[in-house]
Amino acid sequence: MDRHAAHNRPMSVVVMGVSGSGKSTVGKLLAERLGWHYQEGDALHPPENVAKMSSGTPLTDTDRIPWLHKIAGRIDAWRRSDESGVITCSALKRAYRDIIIGDRPDVGLIHLKGSRELIGQRLAARKGHFMPAALLDNQFAALQEPAAEERAITVDIGAAPAEIVDEIVRRLAARG
C-alpha cells in the first residue's frame with residue numbers, strides 16, 4: 001500500500017490511549033502497512049520524565065508540556081515535508097490533544113480503548129517498560145475520552161493487533 005493509500009493527501013495520525021493499550025504495537029504496524037513514518041512518542045520524553053515515571057510518580061501537566069510540544073514539532077516537520085506519519089502519545093486530556101493536534105486538519109486521532117482489567121493484565125505481563133502498572137489507575141483517572149468534534153477513530157483493543165490495524169485503515173479510507 002502506498003503512503004497515501006488510506007487518504008488522498010499526506011496526513012499524520014496520533015495513536016492515543018492509556019499505557020498498555022497497544023499504542024506502540026498498533027502504531028508500528030499501522031505505519032508499516034501504510035508506508036508512513038513512525039515515531040514512538042515516549043522516545044521524545046525528556047530523561048527527567050522517564051525517571052519520574054520509572055519511580056512510580058505520575059507526571060504533572062507541567063512535566064508533560066515540553067514533551068507535547070516535541071510531539072507537535074515532529075508532526076509539523078512531517079507536514080512541512082509533505083509526508084505522512086504515525087505517532088504514539090497517551091494524549092489523555094483534551095488540553096494535551098489541543099497542543100498536538102490543535103487546528104491541524106490533516107492530523108487524525110486514533111483512540112485505542114479497552115477495559116481497566118484487560119489493560120491491567122497486559123501491563124502486569126509487560127517487561128522492560130518504564131511505566132509501572134501502579135500508574136494505570138492514575139492514567140484512567142486522567143483520561144478524557146475524545147469528544148465528538150475531535151473526530152477520533154475509537155477502536156476496541158480486544159482484537160489482535162493486525163485486526164485493529166485493518167479496522168483503522170478501513171476507517172481512514174472511509175474518511176478519504
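In plain terms, the chain from Glu32 to Ala125 could stretch by 30.9 nm, reckoned as 0.36 nm per residue minus the Cα-Cα distance.
I'd like to know how segment 12-175 sits against the 2.2 N^0.38 Å rule of thumb: what's its Cα Rg over that expected value?
Against the compact-globule rule of thumb, the ratio is 0.97.
Between 0 and 90 degrees, the angle of helix 23-34 with respect to the longest Cα principal axis of the chain falls at about 10 degrees. Counting other Cβ atoms within 10 Å as a rough exposure proxy, the listed residues Ile153, Ile71, Ile65 run Ile65, Ile153, Ile71 from fewest neighbours to most.
For the residues Ala141, Ala72, Ala95, a GNM of the chain with alpha-carbon springs under 10 Å puts the largest fluctuation on Ala141. With the cut-off at under 13 Å, measuring from each backbone N in segment 67-107 to a point 7 Å along the Cα-to-Cβ line of Ala142 picks out 67-68, 89-97. On a 0 to 90° scale, report how tilted helix 61-80 is relative to the longest principal axis of the chain, with both axes built from alpha carbons and the result rounded to the nearest 10. Roughly 20 degrees, rounded to the nearest 10. Summing Lys and Arg as +1 and Asp and Glu as -1 over all other residues whose Cβ lies under 9 Å from the Cβ of Ser21 gives a net charge of +3.
Kindly put Trp36, Trp78 in sequence by how many other C-beta atoms sit within 10 Å of each C-beta, fewest to most.
Details: Trp36 26, Trp78 21.
Least to most surrounded, the residues fall as Trp78, Trp36.
Here the calculated FRET efficiency for Lys93 and Glu163, from their Cβ-Cβ distance with R0 = 30 Å, stands at 0.60, rounded to the nearest 0.05.
Readers should treat all values here as calculations from the given coordinates under stated rules, not as data from a laboratory. Bear in mind that the values here come from a model prediction, so they are computed numbers and not experimental data. Glycine also receives a Cβ, built like all others from the backbone with ideal geometry; neighbour counts cover every protein chain displayed.
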